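Below is one structure; the comments refer to it alone.
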Amino acid sequence: MTLKESLADLLSQKEPVIRAFYDRFLADVPEAVVLFEGVDLKRQALMLTMALIVVEAHSRGDFPSIRHYLHVLGDRHREWGIPRELFPRFRKCLIATLSHWHGADWSEDLEDAWAAAMDCAIQTMLEGYEGDFPF
């Protein structure tokens, strides 16, 4: 299974997978719970789903519009008070959720592909975290 195929599978079942991710993330990272108070998790799941589409596209090339979007996303996370220390923990929980979701279709190559894609996107977001990137 490729990263693109993994994303297609995720998109075909997005709400259960993303909901499972948030359940895992908020259980594994209890200090993040306060950051989600008053947040509509159904809307948040949609936002994360769109972000994963961007992450996969960013892994295929350095497109200026995607880079800008990730910069803005990083800037927004700073504005929302999301500590940069949560980014690696978010990544870990997301990959664990995807691994569980894909089951027997999950492989070391797929894990490496998601890890590399997430690392690249997070690095770009952190560039935005350090600057001011309005829409």
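The values are calculated or read from the model by the stated rules, or taken from the named source; none is laboratory data. All values reported here derive from a predicted model rather than from experimental measurement. Don't worry about glycine lacking a Cβ; one is built from the backbone with ideal geometry, like all the others, and counts go over all protein chains shown.
Is at least one residue of the range 55-66 within 11 Å of the chain's Cα centre (by Cα), surrounded by 12 or more Cβ atoms within 10 Å (Cβ to Cβ) and not polar (S, T, N, Q)? Yes, that holds for at least one residue. Considering only residues in the range 56-83 that are farther than 13 Å from Leu35 by Cα and part of a loop (DSSP other than H, G, I, E, B), the one that is modelled with the lowest pLDDT turns out to be Asp62.
Give the range 24-55 a look and list any residue that's more than 16 Å from Leu98 (Cα to Cα) and of a type in the set (S, T, N, Q), or say none. Once the filter is applied, which keeps residues that are more than 16 Å from Leu98 (Cα to Cα) and of a type in the set (S, T, N, Q), the range 24-55 yields only Gln44.
If the condition is being out of contact with any His (no Cβ under 9 Å at 6 or more places or on another chain) and of a type in the set (A, V, I, L, M), then the range 95-114 contributes Ile95, Ala96, Leu98, Ala104, Ala113. Any residue that is outside any helix (DSSP H, G or I), over 17 Å from Leu10 (Cβ atoms) and of a type outside the set (A, V, I, L, M) - is there at least one of those in the range 118-130? Within the range 118-130 (the criterion being outside any helix (DSSP H, G or I), over 17 Å from Leu10 (Cβ atoms) and of a type outside the set (A, V, I, L, M)), the answer is yes, since at least one residue qualifies.
Okay, residues lined up against (1) farther than 20 Å from Arg89 by Cα; (2) touching a residue at least 12 places away in the same chain (Cβ under 8 Å); (3) exposed (fewer than 14 other Cβ atoms within 10 Å of the Cβ):
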site	(1), (2), (3)
Leu3	yes, yes, no
Leu11	yes, yes, yes
Ile18	no, yes, no
Ala32	no, yes, no
Val39	no, no, yes
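The set of residues from the range 20-40 being farther than 27 Å from His68 by Cβ and either in a loop (DSSP other than H, G, I, E, B) or touching a helix residue (DSSP H, G or I) at 6+ places or on another chain (Cβ under 6 Å) (or both) comprises Ala20, Arg24, Leu26, Asp28, Val29, Val33, Glu37, Gly38.
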